[in-house]
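Please treat every number below as a calculation from the coordinates, not as lab data. It should be emphasised that the depicted structure is a prediction, and the values quoted were computed from it without experimental measurement. Using ideal geometry, Cβ is built from the backbone for each residue, glycine included, and neighbour counts are taken over all protein chains shown.
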Amino acid sequence: MSRTPVRDALENALALASTDRTAHVFTQLLPDAARAEADAADARRRVGISLGPLDGMIVSVKDLFDMAGEVTSAGSKIFRDAAPAAADAPAVARIRRAGAVLIGRTNMSEFAFSGIGLNPHWGNPGNAVDPARAPGGSTSGGAVSVGLGIARLTLGTDTGGSTRIPAAFNGIIGFKPTSHRIPKAGVFPLSYALDSIGPLGMTVAECAAADAIMASEDPLPLPALPLSGLRIGVPRGLLFEDVQPAVVSAFEVGLTALAKAGARIVETCIDDLILDMRQVLALAPIAACEAAEIHRDYLETRAGDFDRRVLARIRPGAGVPAPAYIRALRQREALKQAFAVRIAPFDALAWPTVAIVAPEIAPLEADDALFAATNILALRNTNPCNFFDVPALSLPLPVEGLPVGFMLVGAPGEDRRLMSIGAAAEAAFAR
């Protein structure tokens with residue numbers, strides 16, 4: 001952590017968050033509360049007290065986490081005038097108790113149901129590298145707040161890639177844990193089965209500390225885990241189709257860096273499991289089915305208040321028969337076990353986080369068909385990790401121009417070990 005007074009760092013961040021460039025990054029800034037938290041952090045520093053690695057760190061929060069006394073909009077106009085939350089979500093409460101300075105609530109794809117990150121109600125938070133390009137979703141404003149240096153960390157959620165896609169597009173780190181690792185109480189859901197809570201940040205160590213705190217664990221330093229001798233599986237095949245040349249090139253440079261550090265790169269295949277997953281989701285799109293139930297009271301009475309593209313993704317779930325949905329959940333459980341067996345010989349799997357770099361916003365806003373196709377492609381490589389319920393970490397690759405993400409995927413429940421592998425990879429990429 002910098003020794004700059006926390007209050008000074010906060011004032012700089014608030015000033016940056018209040019410019020035209022950042023007009024759509026936040027749905028709400030919380031300057032008064034943040035100043036009180038910053039002053040408390042500075043007071044602790046003066047007497048040599050620390051609450052841990054996040055003490056005094058500026059953190060933003062996706063606007064679907066409850067924060068006491070504030071409205072949770074979930075990126076929608078439907079909830080703009082909802083009653084304020086009575087209490088912090090457990091994840092927020094734990095981060096707050098760890099001394100973080102919560103600067104504000106960040107913009108997002110409405111109801112977290114898009115990998116692109118556009119929002120017709122709150123505006124589009126332009127990508128941190130190029131504001132004319134999409135920020136990635138659904139943790140769009142949060143990723144941009146970190147990418148622009150307003151916040152050091154942001155709290156996000158991930159149902160099909162919503163921490164990792166915006167991390168890849170904005171050149172930062174995004175982590176999706178095993179789904180049950182962090183309690184989801186007080187967080188507006190997209191999918192009960194697929195949602196998970198994870199941090200986005202500038203370093204693996206800081207993301208690991210936030211993850212541990214939200215999971216109610218001691219934020220101990222990650223164990224050193226040299227890459228030498230680790231087996232990294234690369235499942236070429238379906239996940240490498242239609243990948244842009246710039247992404248392929250950057251990914252191969254990343255693999256070379258891991259190999260130079262001593263990792264064993266092993267070709268493998270998971271195409272059969274990916275095809276089985278797609279067949280299950282064709283039978284019953286789990287996220288859409290659950291979202292249709294969550295939004296049942298608004299689908300007809302307030303249909304005109306939805307982002308039309310989000311509504312188009314939710315509505316098909318309402319027509320899926322209950323037996324088909326239940327069968328999809330049962331088949332998913334079997335495939336989760338099959339994936340665990342497949343990944344067992346490896347320390348991690350690796351593939352590009354997203355097949356494309358951040359696309360331009362203007363064409364997507366003008367063409368619903370282009371938006372839908374781009375959204376599907378953006379989510380394609382990240383979605384399997386939610387379906388199979390395994391931890392996944394997106395790391396930025398050292399490229400010029402638009403960022404590219406390198407995804408490491410771990411075995412079920414091996415979240416901390418994956419973070420240690422990620423920290424080693426982060427160091428290898430920096431060499």
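Under the convention that each Lys and Arg Cβ holds +1 and each Asp and Glu Cβ holds -1, the size of the dipole of the stretch 289-431 around its Cα centre is about 520 debye. Springs between Cα atoms under 10 Å define the GNM used for the chain, and in it the highest mean-square fluctuation of Ala284, Ala348, Ala334 occurs at Ala334.
Volume per residue for the stretch 139-213 equals 82 cubic angstrom (convex hull of Cα atoms). Coupling constants for the stretch 190-199 follow from the phi torsions by the Karplus curve (6.51 cos²θ - 1.76 cosθ + 1.60, θ = phi - 60°), and in residue order they are 9, 9, 4, 7, 10, 5, 8, 10, x, x Hz; glycine and proline get x. Rounded to the nearest 20 debye, the dipole magnitude of the stretch 312-375 is 580 debye, with +1 charges on Lys and Arg beta carbons, -1 on Asp and Glu beta carbons, and the Cα centre as origin.
If you take all other residues with their beta carbon under 11 Å from the beta carbon of Phe169, and give Lys and Arg +1 and Asp and Glu -1, the sum is +1. Cα-based radius of gyration for the chain, normalised by 2.2 N^0.38 Å, reads 0.92.
Positive end of the charge dipole of the stretch 76-151 (Lys, Arg +1 and Asp, Glu -1 on Cβ, about the Cα centre): tell me which of Gly115, Gly104, Ala128 has its Cα farthest that way. Selected residue: Gly104. On the principal axes of its alpha carbon atoms, the stretch 349-406 extends 36, 31, 11 Å, with the longest extent given first. In sequence order, the stretch 149-156 has phi-based couplings of x, 6, 10, 8, 9, 9, 8, x Hz under the Karplus curve 6.51 cos²θ - 1.76 cosθ + 1.60, θ = phi - 60°, and Gly or Pro positions carry x. The largest-to-smallest principal axis extents of the Cα set in the stretch 376-431 are 32, 30, 8 Å.
For the stretch 328-376, the alpha-carbon radius of gyration amounts to 1.78 times the rule-of-thumb value 2.2 N^0.38 Å expected for a compact globular protein.
Cα-Cα pairs above 15 Å in the stretch 48-101: how many percent? Everything past 15 Å amounts to 51 percent.
Please report how far the C-alpha centroid of the stretch 235-298 lies from that of the stretch 360-431, rounded to the nearest whole angstrom. Cα centroid to Cα centroid, the span is 9 Å.
Taking only alpha carbon atoms, the stretch 24-148 gives an Rg to Rh ratio of 1.01, where Rh is the Kirkwood radius.
Distances between every pair of Cα atoms in the stretch 265-364, grouped in 10 Å steps from 0 to the bin holding the largest one, split as 12, 30, 30, 23, 5, 0 percent. Counted over all Cα-Cα pairs of the stretch 112-261, pairs farther apart than 25 Å make up 36 percent.
Estimated purely from DSSP H runs of n ≥ 4, each contributing -39500 (n - 2.57), the mean residue ellipticity at 222 nm for the chain is -12000 deg cm²/dmol once divided by its residues. Positive contributions from Lys and Arg (+1) and negative ones from Asp and Glu (-1), summed over other residues with Cβ under 14 Å from the Cβ of Ala205, come out at -1. Each 10 Å bin from zero holds the following percent of Cα-Cα pairs in the stretch 275-329: 26, 50, 21, 4. Placing +1 on each Lys and Arg Cβ and -1 on each Asp and Glu Cβ, with no other charges, gives the chain a dipole about its Cα centre of roughly 660 debye. With N counted as the residues of the stretch 6-48, its alpha-carbon radius of gyration over 2.2 N^0.38 Å works out to 1.32.
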